[in-house]
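Before any comments, here is the structure.
The values are calculated or read from the model by the stated rules, or taken from the named source; none is laboratory data. The model shown is predicted, which means the values in this text are computed figures rather than measured ones. Here the Cβ is made from the backbone with ideal geometry for all residues, glycine too, and neighbour counts use every protein chain on show.
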Amino acid sequence: MRRTFFLFLMLLTFGWLSAAKVVSPDGKLVFEIKVNQGEVLYEVLYEGETFVAPSALGLATSLGDFRKDLMLAKQSAVSLIEEHYALRTIKSSSVHYRAHEVIFSFNQDERHVFDLEVQVSNNDIAFRYKVYPQGETLVTRVFEEETTYVFPEGTSTFLSPQMEPMTAFARTAPSYETPYFPDGPVGKNGWGNGYVFPALFRIGDAGWVLISETGVDSRYAASRLLGKDDGSYKIGHPMEAENNGNGTVAPGIALPGYTPWRTLTVGTTLQPIVETTIPFDVVEEKYPASENYAFGKGSWSWIIKMDGHTTYETQKEYIDFSAAMGYSYVLVDALWDTQIGRDRIEELAAYAASKDVALFLWYNSNGYWNDAPQGPHGYMHQSSVRRPEMEWMQGIGVKGIKVDFFGGDKQVTMDVYESLLYDANDYGLMVIFHGTTLPRGWERMFPNFASSEAVLASEMLHFSQERCDEEAVQASMHPFIRNTVASMDFGGSALNQYYNANNTPGVGTQRKTSDVFALATAVLFQSPVQFFALAPNNMHDAPAWAIDFMKEVPSLWDEVRFIDGYPGRYAVLARRSGDQWYVAGINAGEETLQLELDPDLFVGAERLRLYSDDSGLKGSLKVQKMKPGSSLKVSVPKNGGFVLTQ
């Protein structure tokens, strides 16, 4: 990977950049800085339209209040950042990042207090603060970040409320397991605690803005979004009660030091929102991979059969099932330490290896921040304990871990995430996080990071009929919001009609979506490691075409394209793996969705496979003969889906 900088003085000559403005390479996106009576404001325009109205910048720190009495002292020349990089665990395996960068330096009382580093690509903006020492003071705490987002009149929201800390199951909240609410008004603050990242806004008829953050590690805290009565939004630090009240809400920085990147993706359509790679473009790898990690697909018993089936016999059955599906992994979930035991886990690992399958093992994050009773306990919260455990796992052939129940977004928790990933890499272990915060650039920063839940995921379909009833609505938002900024371990694509051990009618919650919907979400939901909610009984009670598709569908993708959609109503995307394209869609609307697909992605294909539903959600596979220049019409009923591929 290489980053090259060029002085772009011609931009000044031709007037593309005013005294305090950064313009995208294509000239359409503008980030403008203004200083008004000592307060720093920014504005975002796209094709001349205001997408973010003048909004505040600044920091309140232990060194001083850097939100007022500020002066723009200088700005750098424009640099062109151009980088090509490869990253196989995100939506696009090969990325070309091209942006203009300007660094704005701000003084207060003739002291240089911070820089604002701004990068603007054709549809993305990333900016962060660089805070400087004052005299002999080489550290600071950030008490408040003034970064604000003011949207034009007529803006609607697509937001997920932040949970009250130390509530919900075993006081494990906040865990990012709340729904997104489509087409909401501005001027709210969620359930009183703001909103989680990412956050999507529709700017009237002008277009869309997605805001998030990236580059968060042990050097800072993760943030939330606070809504104000006047309709604006502001960066918020973690809540005091998170982590059982331990750890500061005000992150500390060694100086000179940085805050995380604030990111905005802007477009007149949802295409740049779906296809953005900005969470990964502005971060760097923190350590090299210890091995060439084999990301892939797997099965897990817990989502269908729950705690009582984390037994030797059931896990052996799922190993056989994964082998029959051609999957690489089985996730052995909570309570394996007491219901299977360490000696028999070693037997299971050996049996799995004989079937060309490997294990992922579940662990409780523990520490002082949750009451969750599920074991194993006491292994993952500190390095001196987890490293011997990881060495044992490496020795028996375990390939990954799923660590659950984290305590919040404070800097102390970010240190747990980073150090856990670092240790796991030493032992060749991939890591999935559950009950967890949003990953913020971690796919590129940590090469053994596989995925995170950080969403109202499949377990809630097991626990709540309401969630089953609303599955399509939530699923139609994830490709545009949560899953577009980071890998998402949803654990779905169930083919059981009922969430119970034997798919027994009338027992437990009932899936309302179709089998083709399940296939479509296997394409729409991106994660390099996919543990699907399939069960061994599906080999005989699910359609053969559905099982065959779930055997072949990739978990690693090379490209994504937005086709159509509206969050909360329907979603249609195309993903490419190697030379093969998959076009997939789902419908949450009351009316049957009528689509006319242009098969230009399948150049030269004489026949295409179409998985689709009839009006009664009965799915089928049809082979469509294609003629040059022809299009393909698809009807998608409510709670249904389709997939088109070669």
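Among all residues of the stretch 214-221, there is at least one that is under 20 Å from the mean Cα position of the chain (by Cα) and within 25 Å of VAL30 (Cα to Cα).
If you check PHE463 against the conditions, is it at pLDDT 95 or above, hydrophobic (A, V, I, L, M, F, W, C) and crowded, with 20+ Cβ neighbours inside 10 Å? Full working, then the answer.
Details: at pLDDT 95 or above: yes; hydrophobic (A, V, I, L, M, F, W, C): yes; crowded, with 20+ Cβ neighbours inside 10 Å: no.
Against the criterion (at pLDDT 95 or above, hydrophobic (A, V, I, L, M, F, W, C) and crowded, with 20+ Cβ neighbours inside 10 Å), PHE463 does not qualify.
Look through THR148, THR167, THR157 and report the one residue that is of a type in the set (Ser, Thr, Tyr) and under 18 Å from ALA60 (Cβ atoms). If you could, list the steps in order and put the result at the bottom.
Values: THR167 fails: under 18 Å from ALA60 (Cβ atoms); THR157 fails: under 18 Å from ALA60 (Cβ atoms).
Going through THR148, THR167, THR157 in turn, just one is of a type in the set (Ser, Thr, Tyr) and under 18 Å from ALA60 (Cβ atoms): THR148.
Show the residue pairs that are 6+ apart or on different chains and have beta-carbon atoms under 7 Å apart, the first residue being within the stretch 363-392 and in contact (Cβ under 8 Å) with a residue 12 or more places away in the chain, the second being surrounded by fewer than 17 Cβ atoms within 10 Å (Cβ to Cβ) and β-branched (Val, Ile, Thr). Listed pairs, sorted by first residue: GLY375/THR338; GLY378/VAL385; TYR379/VAL385.
Residues in the stretch 228-250 that are closer than 24 Å to ASP404 by Cβ and either part of a helix (DSSP H, G or I) or of a type in the set (Gly, Ala, Ser) (or both): ALA241, GLU242, ASN243, ASN244, GLY245, GLY247.
Screening the stretch 15-114 for strands (runs of 3 or more DSSP E) wholly inside it with 1 or more residues that are more than 31 Å from the chain's Cα centre (by Cα) returns the ranges 29-36, 39-46, 64-66, 71-75, 94-108.
Output the number of the condition that GLY407 fails; it satisfies all remaining conditions of (1) crowded, with 21+ Cβ neighbours inside 10 Å; (2) over 18 Å from GLN374 (Cβ atoms); (3) in contact with a helix residue (DSSP H, G or I) (Cβ under 6 Å, 6 or more places away or on another chain). Looking at each condition in turn, GLY407 falls short on (2).
Name the single residue, out of those in the stretch 205-220 being assigned to a loop (DSSP other than H, G, I, E, B) and of a type outside the set (A, V, I, L, M, F, W, C), that is nearest to THR259 (Cα to Cα). Before you say what the answer is, go through the steps one by one.
From the stretch 205-220, those assigned to a loop (DSSP other than H, G, I, E, B) are 205-206, 215-220; that's our starting set.
With the extra rule that they be of a type outside the set (A, V, I, L, M, F, W, C), the set shrinks to 205, 215, 217-220.
On the way: ASP205: 33, GLY215: 9, ASP217: 10, SER218: 11, ARG219: 8, TYR220: 7 Å.
Among them, the one singled out is TYR220.
With respect to the conditions (1) surrounded by fewer than 23 Cβ atoms within 10 Å (Cβ to Cβ); (2) without any contact (Cβ under 8 Å) to a residue 60 or more places away in the chain; (3) touching a strand residue (DSSP E or B) at 6+ places or on another chain (Cβ under 9 Å), THR314 lacks only one, and its number is (3).
Can you pull out every residue in the stretch 467-499 that is closer than 25 Å to ILE273 by Cβ and among the aliphatic types (A, V, I, L, M)? Within the stretch 467-499, ALA472, VAL473, ALA475, MET477, ILE481, VAL485, ALA486, MET488 meet the criteria. Exactly one residue out of SER384, SER365 is surrounded by fewer than 23 Cβ atoms within 10 Å (Cβ to Cβ), outside the structural domain of ARG219 (by TED's automatic domain parsing), at pLDDT 95 or above and polar (S, T, N, Q), and it is SER384.
Just checking, does the stretch 106-113 include any residue being basic (Lys, Arg) and on the phi < 0 side of the Ramachandran plot?
Step one: of the stretch 106-113, the residues basic (Lys, Arg) are 111.
Imposing the further condition that a residue be on the phi < 0 side of the Ramachandran plot reduces the set to 111.
Yes.
One line per residue, one yes/no per condition, for (1) in a loop (DSSP other than H, G, I, E, B); (2) of a type in the set (Val, Ile, Thr); (3) not assigned by TED's automatic domain parsing to the domain that holds THR214:
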position: PRO388; (1), (2), (3): no, no, yes
position: LYS402; (1), (2), (3): no, no, yes
position: VAL416; (1), (2), (3): no, yes, yes
position: LEU420; (1), (2), (3): no, no, yes
position: VAL431; (1), (2), (3): no, yes, yes
position: PRO439; (1), (2), (3): yes, no, yes
position: ALA472; (1), (2), (3): no, no, yes
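Of the residues making up the stretch 445-457, one or more are assigned to a loop (DSSP other than H, G, I, E, B) and among the polar types (S, T, N, Q).
Suppose we filter TYR195, TYR176 for residues that are on the phi > 0 side of the Ramachandran plot and within 21 Å of the chain's Cα centre (by Cα); which single one remains?
Values: TYR195 fails: on the phi > 0 side of the Ramachandran plot.
One residue alone meets the criteria, TYR176.
Could we say that THR178 is farther than 20 Å from VAL52 by Cβ and either buried (at least 21 other Cβ atoms within 10 Å of the Cβ) or of a type outside the set (Lys, Arg) (or both) here?
Working: farther than 20 Å from VAL52 by Cβ: yes; either buried (at least 21 other Cβ atoms within 10 Å of the Cβ) or of a type outside the set (Lys, Arg) (or both): yes.
Yes: the conditions hold for THR178.
Sort through GLY491, GLY589 and tell me the only one that's within 26 Å of the chain's Cα centre (by Cα), surrounded by fewer than 23 Cβ atoms within 10 Å (Cβ to Cβ), part of a loop (DSSP other than H, G, I, E, B) and not hydrophobic (A, V, I, L, M, F, W, C). Walk me through it before giving the result.
On the way: GLY491 fails: surrounded by fewer than 23 Cβ atoms within 10 Å (Cβ to Cβ).
The conditions single out GLY589.
Exactly one residue out of ILE253, ILE345 is in a strand (DSSP E or B) and touching a residue at least 40 places away in the same chain (Cβ under 8 Å): that is ILE253. Listed by position, the strands (runs of 3 or more DSSP E) inside the stretch 121-167 whose residues that are more than 21 Å from the chain's Cα centre (by Cα), under 29 Å from ILE81 (Cβ atoms) and modelled with pLDDT of 95 or more number at least 1 are 124-131, 139-145. Sub-8 Å Cβ pairs linking a first residue in the stretch 179-204 that is outside any strand (DSSP E or B) to a second residue that is surrounded by fewer than 22 Cβ atoms within 10 Å (Cβ to Cβ) and among the basic types (Lys, Arg), at least 6 apart or interchain, are GLY187/LYS228; ASN189/LYS228, ordered by first then second residue.
Exactly one residue out of ILE90, ILE81 is among the β-branched types (Val, Ile, Thr) and closer than 24 Å to ARG576 by Cβ: that is ILE90.
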